[in-house]
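Trainee: Please see the structure below; I have some questions.
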Amino acid sequence: MKNLSLHILILLLFGGNNQQAFAESDTLTVGIYHNPPFVIKTEDNNFEGLSIELWENIAQSANLTYRYELYSDFVGILKRLEYQDIDLTINPMDVNDSRVNKFDMTQPYFISSIGVAIPYLNRSPLAVFISNIFSLAFLEIILLLIFVIFVFGFFLWLIERRHNKFQFRPGLLGLFDGLWWSAVTMTTVGYGDKAPKSNIGKAIAIIWMFTAVIIISSFTASVASTLTITGLQTDIKNAEDIRLVENISVVGATNSESYLVHENIPISKTYASPILALRALAKKENDVLLYDRTILQYYINRLSLDEKVKLLPFTLKENYQSFMLPKNHPAFDLINVGLMKEIQKEHWVDLQRKYDVKGK
């Protein structure tokens, strides 16, 4: 929001004709949809919220008459604006190239950002560790490790039982000798009590030594991930950290969904509203929820979820938000100047405090 005064001066000097022409026109139709804390439909079918009060201050200062027209979501509003069935929407609309080409967008009055919410971990670290150790994922890793050790141990015993009967005995005891050698070699303990003597056995041993280095590194990372995946959630700072989480949820048709698609991060669950998404997160049905940070904070407070859901102290992406009008609307200059004047007043800061709203 730089050089606001210069913008206002230019519009006041060169936009006067449009403003005067519109002052004599019909009542403005303002398209809105329930979108707390910006537009809130009250129980008595009235409207309040940050955008509502901002708009009503603009309209009062410019002597504009208007009426609200309620829609279910922003998609319906975009269609009505494109067909010029309504004059503007005061819900915060993200500024992007496609919208700027199709609509008139005012000076941004709010900067939103994608917030990251996770369920609170009410268990102790010891309880988390024990539950993960006995989890199916951890068991699968251990079984796979045992299987690989068995395969190499078996083949070495099969070769060495004829050339080295003292170290690799016949029968089941000899098979155990092969498993012991395979496990000791993989862990690099190297007791030296068992070693192949045949050329084929030594070749198998060399292959196993190099293979074991790679396998043990991979298994170590997998085990660490399995045991600490819950703790990793609190260390999410960017898209790469989010990739470590399995169950990621979003609200459909939002910037958070577009962000994850752009970053090629799989989405586990899409919800129709932030209320449904937050309630599912509180029940630990998902590991992470991405959505507009301001709206997340509003609903966490409103639904008393502050002891069940944690909003992490960082954001992933910023979006400038504005009022939006049909292209070349005659009231654009008047509304745009009025908006820029309002957001420079101290009252604008008071309004943001009133609705517990903070940009970014």
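The values are calculated or read from the model by the stated rules, or taken from the named source; none is laboratory data. As the structure is a prediction and not an experimental result, all values here were calculated from the model. With ideal geometry, Cβ positions are generated from the backbone for all residues, glycine too; neighbour counts draw on all protein chains shown. In case anyone asks, the SASA skips ligands and DNA or RNA and just uses the protein heavy atoms, side chains included. Shrake-Rupley method; radii C 1.70, N 1.55, O 1.52, S 1.80 Å.
Trainee: Under a straight-distance cross-link criterion of Cα-Cα below 14 Å, which aspartates and glutamates are reachable from K308, leaving out those fewer than 8 residues away in the same chain?
Mentor: Filter leaves E285, D287.
Trainee: Here is the link list: K237/K358; K102/K354; K165/K202; K41/K358; K102/K341; K102/K237. Which ones come out longer than 27 Å on Cα distance?
Mentor: Among K237/K358; K102/K354; K165/K202; K41/K358; K102/K341; K102/K237, the Cα-Cα distance tops 27 Å for K102/K354; K102/K237.
Trainee: For the chain, modelled as a GNM with alpha-carbon contacts under 10 angstrom, which of V349, V337, V213 fluctuates the most?
Mentor: Per the Cα network of the chain with a 10 Å cutoff, V213 tops the list.
Trainee: Considering only DSSP beta bridges whose two residues both sit in the chain, what percent are antiparallel, to the nearest 5?
Mentor: 60 percent
Trainee: Taking the chain as a Gaussian network, where each spring joins two C-alpha atoms under 10 Å apart, which residue of D306, D44, D177 fluctuates the most?
Mentor: Residue with maximal mean-square fluctuation among D306, D44, D177: D44.
Trainee: Ignoring ligands, DNA and RNA, what percent of the 1.4 Å accessible area of segment 33-126 is carbon and sulfur?
Mentor: Carbon plus sulfur share of accessible area: 44 percent.
Trainee: Could you sort the peptides 338-346, 323-331, 350-358 by per-residue average Cβ neighbour count (10 Å cutoff), highest mean leading?
Mentor: Listed from highest to lowest mean packing, they are 323-331, 338-346, 350-358.
Trainee: Between segment 164-202 and segment 70-109, how many Å separate their Cα centres?
Mentor: Each part reduced to its Cα centre gives a spacing of 74 Å.
Trainee: Could I ask something else about it? Under 10 Å, Cα contacts only: if you run a Gaussian network model on the chain, which one of P196, P266, P37 comes out with the highest mean-square fluctuation?
Mentor: With Cα springs under 10 Å in the chain, the top fluctuation among P196, P266, P37 is at P196.
Trainee: Continuing with this model, one more query. Can you give the relative contact order of segment 256-360 as a percent, counting alpha carbon pairs under 8 Å and 6+ residues apart?
Mentor: 22 percent
Trainee: Do the sum for the chain: with -39,500 (n - 2.57) for every DSSP H run of n ≥ 4, divided by all residues, what is the mean residue ellipticity at 222 nm, to the nearest 500 deg cm²/dmol?
Mentor: It comes out at -15500 deg cm²/dmol, rounded to the nearest 500.
Trainee: Next question, about the same structure. Rounded, prolate or oblate, given the Cα gyration tensor of the chain, with a/c below 1.5 counting as rounded?
Mentor: prolate
Trainee: Could you work out, for segment 46-88, what percent of all Cα-Cα pairs fall into each 5 Å distance bin, beginning at 0 Å and stopping at the bin that holds the largest distance?
Mentor: 5, 18, 24, 26, 20, 6
Trainee: Here's a follow-up. With an 8 Å Cα cut-off and a minimum separation of 6 or more residues, compute the relative contact order for the chain in percent.
Mentor: Relative contact order, the chain: 30 percent.
Trainee: Measuring with a 1.4 Å probe in the full set of protein chains, what accessible area per residue, in whole Å², belongs to the chain?
Mentor: 55 Å²
Trainee: Given points 7 Å out from each Cα along the Cα-Cβ axis, report the S217 to K165 separation in nanometres with one decimal.
Mentor: Calculated label separation equals 4.2 nm.
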